[in-house]
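Below: one structure, written as structure tokens.
Please treat every number below as a calculation from the coordinates, not as lab data. Model, not experiment: these values are computed from the prediction. Reconstructed Cβ throughout: ideal geometry from the backbone, glycine too, with neighbour counts over all protein chains shown.
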Amino acid sequence: MTLLVPRADEVDLRAPDDLGPRRRGLAGRSARWLLYAFLVAVFAIPLWSIVATALSGATIPPGRFVIIPDQLTLTNLVDTWTSERILRYFVNSLIVVGIGVPLQTMVSALAAYALSRRQFWAGSIVMLIFLCTMMMPEEVIAIPLYLVLSEMPPFNVSLLNTYAGMILPVVGWAFSIFVLTKFMNELPRELEEAARVDGATDFGYFWRVVLPCVRPALGVVTVFGFLMIWEQYLLPLIVAQDTEMFTLQIALLNLRQDDMIPMAVVMSAALLAMLPSVIVYLLLQRHFHAGITAGAVKG
């Protein structure tokens, strides 16, 4: 009987080809699950603690939160959301943001149209001045803003304790102007020339051609503008001198500092303050994602 011994060059000592991809796939899945766990710990747990505290019927000491609600109840939410004081503050915030966001978006669109489609020698300087306002903290301009609003030129009319005093300072926002200007710069000049041939005026070209083309950018600036105005604290604090003019953000601080108000009620008011932002994002989600994606591709 002859024993066949394979030659050295015929022996395959390599590991199976699928072990490497399997190990890499397992490592990738493990890293992905660790990332998910980290994101849940950072974002979901604080949000859930607010919800759990608001739904808890037990007495919670000031400054404490719960993860698992004790004596589950909806009484705190119902009492908070039907309170006349909270609803008054909520309506004040809705009035400010309901008027401020459309005005801010329109003014920003007009300013961006002038900077992008009407080239002039000081255009870069004007844009630089706009961007410099984003680098200045609100606290720096608090006193000058109060003095201007107390004697609004040219008629020296006081806008303190009025809705106009909380709306006019946020109508012009450098971020919205910057985003819309960059999008409008990408529009080809041939569109304007074709519109001119058809007899379109400046406003007609702006309204019928430019705005539809930059609709994704309008969604982006609307979402960010809503969040900026809705979360304003310093400006309403300066303007509102009567408790009837307080916005919901100021009311939350007052509720938080009152030890007689249960923590569950404070968290219920916080959920009420979060609700409009979530609704606006869901309504404009498609335009928001389209604007972010288009900006990423162009950048």
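3J(HN,Hα) couplings calculated from phi for the range 141-156 with the Karplus curve 6.51 cos²θ - 1.76 cosθ + 1.60 (θ = phi - 60°) are, in sequence order, 9, 4, 5, x, 5, 5, 5, 5, 5, 6, 9, 5, x, x, 9, 6 Hz; Gly and Pro show x. Computed on the range 84-298, with alpha-carbon pairs under 8 angstrom and 6+ residues apart, the relative contact order is 32 percent. Fewest neighbouring Cβ atoms within 10 Å first, the residues Phe155, Phe130 line up as Phe155, Phe130.
Once the Cβ-Cβ distance between Tyr146 and Arg286 is put in as r, and R0 is 51 Å, what FRET efficiency do you end up with, to the nearest 0.05? Calculated value: 0.80. With bins 10 Å wide beginning at 0, the percent of Cα pairs of the range 162-245 falling in each bin runs 15, 35, 24, 17, 8, 1. Across the range 266-286, the residues whose backbone nitrogen lies under 15 Å from the label position 7 Å along the beta-carbon direction of Asp258 are 266-270.
Each 5 Å bin, from zero up to the one with the longest distance, holds this percent of the alpha carbon pairs of the chain: 1, 4, 8, 10, 11, 11, 11, 10, 8, 6, 5, 3, 2, 2, 1, 1, 1, 1, 1, 0, 0, 0, 0, 0. Put a dot 7 Å past the Cα of Glu84, heading toward its Cβ, do the same for Thr59, and the two dots end up 2.8 nm apart. Considering all C-alpha pairs of the range 21-73, those separated by over 12 Å amount to 69%. Close amide H partners of Met152, meaning residues 5 or more places away or on another chain with modelled amide H under 5 Å apart, are Val157, Ser158, Leu159. Ordering Trp230, Trp207 from the fewest to the most neighbouring beta carbons within 10 Å gives Trp207, Trp230.
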